[in-house]
Amino acid sequence: MTKAPECWEASWKNNERAAKLADESGLEFLLPVARWHGYGGEIDAEGENFETLTWATGMLSVTEGIVVFGTVHVALVSPVFAAKQMVSADLAGKGRFGLNMVSGWNVGEHAMFGIGIRDHDERYAYTEEWLDIVEKLWVHDEPFNYRGRFFDLKGLESLPKPYGDSRPMLVSAGNSHVGRDFALRRADCVFMGIREIGSLEPEISKMKKIEPAPRLYFGCGNLISRPTQKEAHEYYHYLINEMGDWAAVDHALGIRKKGGASSSKLPTHTAERMLAAAGTYPIVGGYDEVVDEFRRMSEAGLDGIAIGLVHYIDDMPALRDEILPRMKHLGLRSD
């Protein structure tokens with residue numbers, strides 16, 4: 001949430017180019033933020049964006065190896081419609097599509113669809129039924145009915161099926177007890193907020209004791225890196241203290257509190273953390289210092305991290321040529 005002129009412009013052309021660069025650099029996945037309106041302020045952060053399932057299909061069509069996720073606010077999309085749309089993306093990418101499930105927190109976005117937002121715990125109960133329907137549509141060859149607490153559907157069927165007789169990878173982020181419980185039971189990967197690196201190990205160790213546990217634990221962060229620590233912190237000061245859109249931050253924090261998002265109560269959602277990393281973890285430093293942060297995260301139990309960049313095209317070469325080789329040297333990445 002910065003007014004710096006060099007920041008990302010979310011054109012389709014830029015998205016295609018960034019996706020190709022990420023794919024060529026050997027990154028594992030692209031994970032979109034799904035927004036229906038922005039955060040206001042002077043720049044209306046995240047106000048210009050694409051619907052993520054059609055976006056994912058487009059990005060899959062111009063890449064070869066990288067996984068591309070779609071992010072779905074489940075309350076806003078019929079599971080029958082979404083199931084077929086996601087199979088279309090999965091077939092376009094020959095099995096490289098993944099689903100990021102969001103149970104909802106943005107009251108204003110729900111109002112755009114004429115849908116009231118449920119109580120926090122009920123949102124995950126709804127997501128559970130929604131996912132039951134989607135997964136059944138992906139595997140059942142014969143029509144079936146579904147009746148639950150939230151859905152009463154007749155004659156469900158969907159062809160074709162996902163690519164290679166395997167469903168897309170499922171991920172879910174949750175910081176509340178109910179959100180974590182859902183992710184641990186139903187997702188292949190838990191995305192977790194990083195308060196501080198020191199808090200990761202006990203959190204992950206606790207989750208790994210719960211069965212069935214997902215294969216992967218991922219964090220999220222925004223990367224602001226330059227050759228040296230001094231340069232990185234100077235650039236951070238410029239982006240945040242000199243050019244930060246603080247009006248957008250105030251609006252964003254207000255939306256999260258209004259919707260009862262559990263993350264709104266975390267130290268990750270202070271004003272500065274929100275501005276620098278949209279509520280995720282800011283990774284700020286020289287190339288060596290950044291890689292050391294990743295090392296500490298790995299030792300704490302994280303399997304990976306989704307990172308945002310100031311500009312996904314301009315910043316990709318340094319990530320590819322400076323940071324990834326250092327990570328490989330330390331054993332944090334393999335060929």
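The values are calculated or read from the model by the stated rules, or taken from the named source; none is laboratory data. The structure presented is a predicted model; accordingly, all values stated were derived computationally and were not measured. All Cβ positions, glycine included, derive from the backbone under ideal geometry; neighbour counts span all protein chains shown. The accessibility values were calculated without ligands, DNA or RNA, using every heavy atom of the protein model including side chains. Shrake-Rupley method; radii C 1.70, N 1.55, O 1.52, S 1.80 Å.
Taking R0 as 25 Å, what's the FRET efficiency between Cys7 and Arg296 from their Cβ-Cβ distance, rounded to 0.05? Could the numbers behind the result be given before it?
Values: r = 28 Å, r/R0 = 1.11.
Using R0 = 25 Å, I get an efficiency of 0.35.
In square nanometres, what is one fourth of the surface area of the convex hull spanned by the alpha carbons of region 1-44? Mind showing how you got there, number by number?
Values: hull surface 15.8 nm².
Over all viewing directions, region 1-44 projects a mean Cα-hull area of 4.0 nm².
If I take every Cα pair under 8 Å that is 6 or more residues apart in the chain, average their sequence separation and divide by the length, what percent do I get for the relative contact order?
Numbers: 576 pairs, mean separation 63.7, N = 335.
This gives 19 percent for the chain.
At 0.36 nm per residue, minus the direct Cα-Cα distance, what do Val107 and Ser205 gain on full extension? Give it in nm, one decimal, please. Mind dumping the intermediate values first?
Values: separation 98, 0.36 × 98 = 35.28 nm, distance 3.36 nm.
Contour length minus Cα-Cα distance gives 31.9 nm.
Per residue of region 130-143, in order, report the coupling 6.51 cos²θ - 1.76 cosθ + 1.60 (Karplus, θ = phi - 60°) as ³J(HN,Hα) in whole Hz, putting x for Gly and Pro.
4, 5, 4, 5, 4, 5, 5, 5, 6, 10, 6, 8, 9, x
Among Pro168, Tyr126, Asn145, which residue has its Cα furthest toward the positive end of the charge dipole of region 77-199, with +1 on Lys/Arg Cβ and -1 on Asp/Glu Cβ?
Pro168
Projected onto the charge dipole of region 187-251 (+1 at Lys/Arg Cβ, -1 at Asp/Glu Cβ, origin at the Cα centre), which of His251, Phe191, Pro212 gives the Cα projection farthest towards the positive end?
Pro212
Rounded if a/c is under 1.5, else prolate if a/b is larger than b/c, else oblate: which is region 113-191, with a ≥ b ≥ c the root eigenvalues of its Cα gyration tensor?
Working: a/c = 2.47, a/b = 1.30, b/c = 1.90.
The shape class here is oblate.
Enumerate the calculated ³J(HN,Hα) couplings along region 154-162 in order (Karplus 6.51 cos²θ - 1.76 cosθ + 1.60, θ = phi - 60°), each rounded to whole Hz, writing x wherever the residue is Gly or Pro.
10, x, 6, 7, 7, 9, x, 9, x
Nearest 20 debye, what's the magnitude of the dipole of the chain about its Cα centre given +1 on Lys and Arg Cβ and -1 on Asp and Glu Cβ? Don't skip to the answer; put the middle values down first.
Numbers: 37 positive and 49 negative charges, 171 e Å.
With Lys and Arg at +1 and Asp and Glu at -1, about 820 debye.
In the set (i) 21.5; (ii) 20.8; (iii) 19.5, which value of Kirkwood radius over Cα pairs in Å was calculated from the structure you see?
(ii)
In straight Cα distance, which lysines are under 23 Å from Lys94, not counting same-chain residues fewer than 8 positions off?
Once the sequence-local lysines are set aside, what remains near Lys94 is Lys13, Lys20, Lys84, Lys136, Lys161.
Give me the distance in nm between label points sitting 7 Å out from Cα along the Cα-to-Cβ direction at Tyr235 and Asp303, one decimal.
Taking the simple label geometry, Tyr235 and Asp303 are separated by 3.0 nm.
Considering the options His73, Ala56, Tyr281, tell which one lies farthest towards the positive end of the dipole of the chain, charges being +1 on Lys and Arg and -1 on Asp and Glu at the Cβ, about the Cα centre.
Most positive-ward Cα: His73.
Where does the chain land at 222 nm, in deg cm²/dmol rounded to the nearest 500, when only DSSP H runs of n ≥ 4 count, each adding -39500 (n - 2.57), divided by all residues? Show your work: numbers first, answer last.
Values: 12 runs with 131 residues, N = 335.
Here the helix-only value at 222 nm equals -12000 deg cm²/dmol.
Compare Leu137, Leu330 by solvent-accessible area with a 1.4 Å probe and give them largest first, with all protein chains kept in place.
Working: Leu137 5, Leu330 95 Å².
Most to least solvent-accessible, the answer reads Leu330, Leu137.
What is the set of long-range amide H partners of Phe191 at a cut-off below 5 Å, with H atoms built 1.01 Å from backbone N?
Ser172, Ala173, Gly174, Phe218
Quick check on region 110-262: take the gyration tensor over C-alpha atoms, sort the square-rooted eigenvalues as a ≥ b ≥ c, and tell me if it's rounded (a/c under 1.5), prolate or oblate.
On the way: a/c = 2.17, a/b = 1.72, b/c = 1.26.
Prolate, since a/c reaches 1.5 and a/b exceeds b/c.
Would region 1-134 count as rounded, prolate or oblate if I go by the C-alpha gyration tensor, calling it rounded below 1.5 in a/c and otherwise prolate when a/b exceeds b/c, oblate otherwise?
Values: a/c = 2.37, a/b = 1.15, b/c = 2.05.
Oblate, since a/c reaches 1.5 and b/c is not below a/b.
With angles folded into 0 to 90 degrees, how steeply does helix 246-258 sit against the dominant principal axis of the chain? Use alpha carbons for both and round to 10.
Result, in degrees: 30.
Taking amide H positions as placed 1.01 Å from N in the peptide plane, with prolines and chain starts having none, which residues 5 or more places from Gly40, or on another chain, fall under 5 Å of its amide H?
Excluding prolines and chain starts, which carry no amide H, the hits are Ala45.
Please work out the C-alpha center-to-center distance from region 1-65 to region 122-195 and express it in whole Å.
25
In Å², what does the accessible area per residue of region 1-83 work out to with a 1.4 Å probe?
Numbers: 3730 Å² over 83 residues.
Normalised by residue count, the accessible surface of region 1-83 is 45 Å².
If amide H atoms are built 1.01 Å from N in the plane of the peptide, which residues on other chains or at least 5 residues away come under 5 Å of the amide H of Gly279?
Counting only residues 5 or more places away or on other chains, the set is Met274.
Note down the nm distance, to one decimal, between modelled labels 7 Å out along Cα→Cβ at Val62 and at Arg149.
According to this spin-label approximation, the distance is 4.3 nm.
Can you compute the charge dipole magnitude of region 61-159 about its Cα centre, using +1 on each Lys and Arg Cβ and -1 on each Asp and Glu Cβ, nothing else charged? Give it in debye, rounded to the nearest 20. Could you put the intermediate results ahead of the total?
Details: 9 positive and 14 negative charges, 37 e Å.
That gives a dipole near 180 debye.
Going from most exposed to least, what order do Val107, Val171 have by accessible area with a 1.4 Å probe? Show your work: numbers first, answer last.
Numbers: Val107 40, Val171 0 Å².
Result, largest first: Val107, Val171.
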